[in-house]
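The values are calculated or read from the model by the stated rules, or taken from the named source; none is laboratory data. For clarity, every value in this text was computed on a predicted model and none was experimentally measured. Every residue, glycine as well, gets a Cβ built from its backbone with ideal geometry; the counts of neighbours run over all protein chains shown. Only protein heavy atoms, including side chains, enter the accessible area calculation; ligands, DNA and RNA are left aside. Shrake-Rupley method; radii C 1.70, N 1.55, O 1.52, S 1.80 Å.
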Amino acid sequence: NFDKKKIIQYKKFKNLRLIGMGGSILGSQAIYDFLKHKIKKNFTFVNNLQNKKNNEKKNFMNLVISKSGNTIETLVNSNILIKKNNQNIFITENKKSYLKTLAEKMKSEIVHHNNFIGGRYSVLSEVGMLPAELMGLNEKKFKQLNYLIKNKIFINNLISNVKSTIGLIKKKKFNSIILNYDENSDNFFRWYQQLIAESLGKKSKG
């Protein structure tokens with residue numbers, strides 16, 4: 001949900017900063033970690049409250065993401081880190097929120113987050129594909145869903161995994177232990193953890 005012609009001007013920036021929490025940022029961070037050997041730009045991911053005020057003289061382009069527009073950690077980091085001379089893109093739902101009001105006051109580019117896509121599932125929407133585009137990657141190459149659907153091994157594994165998960169939940173086994181032996185996959189598994197924990201943990205079902 002973004003106009004590629006409008007974001008061409010932002011592609012010139014070498015230093016980009018993504019500000020978000022959870023599903024709004026983890027998918028993009030996983031993409032960056034896997035493909036950073038192809039990316040010639042510096043990306044900083046701000047996804048917690050431990051980030052100190054940035055006193056660097058670098059000229060950052062900020063990409064701020066929050067579906068609701070009211071995620072408190074994202075708002076705090078935005079207010080601390082964004083400087084008056086920064087260029088900014090805000091991705092948020094098309095409704096009244098703190099973030100949308102801030103973006104309008106700063107006369108920043110606003111990309112509307114599709115309201116029918118949950119933040120944690122949003123990596124193939126504007127939330128993940130706009131950052132990929134700014135990384136210099138071809139967002140169309142991420143959307144090879146027909147290949148997956150035709151891949152019998154993938155479909156059989158998917159069915160098996162879902163069946164196992166449902167079976168374990170019915171037996172009241174709610175712990176999921178993820179063992180990762182590849183440091184380059186850390187953020188990929190954090191994203192996976194977010195998908196599983198938030199999806200299954202809603203309404204006291206976790």
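What residue, among those in segment 130-140 that are more than 11 Å from LYS4 (Cα to Cα) and in contact (Cβ under 8 Å) with a residue 40 or more places away in the chain, is most open to solvent (accessible area, probe 1.4 Å)?
It comes out as GLY136.
Among all residue pairs at least 6 apart or on different chains, which show Cβ distances below 8 Å where the first residue, located in segment 74-85, is closer than 14 Å to LYS105 by Cα and the second is surrounded by fewer than 19 Cβ atoms within 10 Å (Cβ to Cβ)?
Pairs found: ILE82/MET106; ASN85/ASN59.
Among the candidates THR101, THR71, THR92, which residue alone is of a type in the set (Ser, Thr, Tyr), more than 25 Å from LYS11 (Cβ to Cβ) and in contact with a Ser or Thr (Cβ under 9 Å, 6 or more places away or on another chain)?
Testing whether each residue is of a type in the set (Ser, Thr, Tyr), more than 25 Å from LYS11 (Cβ to Cβ) and in contact with a Ser or Thr (Cβ under 9 Å, 6 or more places away or on another chain) leaves just THR71.
In this structure, is LYS58 farther than 23 Å from LEU195 by Cβ, touching a strand residue (DSSP E or B) at 6+ places or on another chain (Cβ under 9 Å) and either in a helix (DSSP H, G or I) or β-branched (Val, Ile, Thr) (or both)?
No, not satisfied.
What number goes with the only condition from (1) more than 26 Å from LYS36 (Cα to Cα); (2) assigned to a helix (DSSP H, G or I); (3) of a type in the set (A, V, I, L, M); (4) open to solvent by less than 50 Å² (accessible area, probe 1.4 Å) that VAL127 does not pass?
(1)
Mind listing just one residue for me: the one in segment 163-185 that is closer than 22 Å to GLU198 by Cβ and within 24 Å of the chain's Cα centre (by Cα) and, of those, surrounded by the most Cβ atoms within 10 Å (Cβ to Cβ)?
In this case the residue turns out to be SER185.
Restricting segment 92-124 to residues that are modelled with pLDDT under 90 and assigned to a loop (DSSP other than H, G, I, E, B), which is surrounded by the fewest Cβ atoms within 10 Å (Cβ to Cβ)?
By that ranking, first place goes to PHE116.
Scan segment 11-21 residue by residue and report those that are open to solvent by 20 Å² or more (accessible area, probe 1.4 Å) and either in contact with a helix residue (DSSP H, G or I) (Cβ under 6 Å, 6 or more places away or on another chain) or of a type in the set (S, T, N, Q) (or both).
ASN15, MET21
Would you say LEU63 is in contact (Cβ under 8 Å) with a residue 60 or more places away in the chain, in a loop (DSSP other than H, G, I, E, B) and surrounded by 13 or more Cβ atoms within 10 Å (Cβ to Cβ)?
When the stated conditions are applied, LEU63 does not pass them.
Every residue, every condition in (1) over 19 Å from the mean Cα position of the chain (by Cα); (2) exposed (fewer than 15 other Cβ atoms within 10 Å of the Cβ); (3) not in a strand (DSSP E or B), yes or no:
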site	(1), (2), (3)
GLN9	yes, yes, yes
ALA30	no, no, yes
HIS37	yes, yes, yes
THR44	no, no, no
ASN48	no, yes, yes
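crowded, with 16+ Cβ neighbours inside 10 Å, small (Gly, Ala, Ser) and not in a loop (DSSP other than H, G, I, E, B), is that true of SER160?
Working: crowded, with 16+ Cβ neighbours inside 10 Å: no; small (Gly, Ala, Ser): yes; not in a loop (DSSP other than H, G, I, E, B): yes.
No.
Quick one: ASN85 ticks every box in (1) in a loop (DSSP other than H, G, I, E, B); (2) over 25 Å from GLN50 (Cα atoms) bar one, so which box is it?
Condition (2) is where ASN85 drops out.
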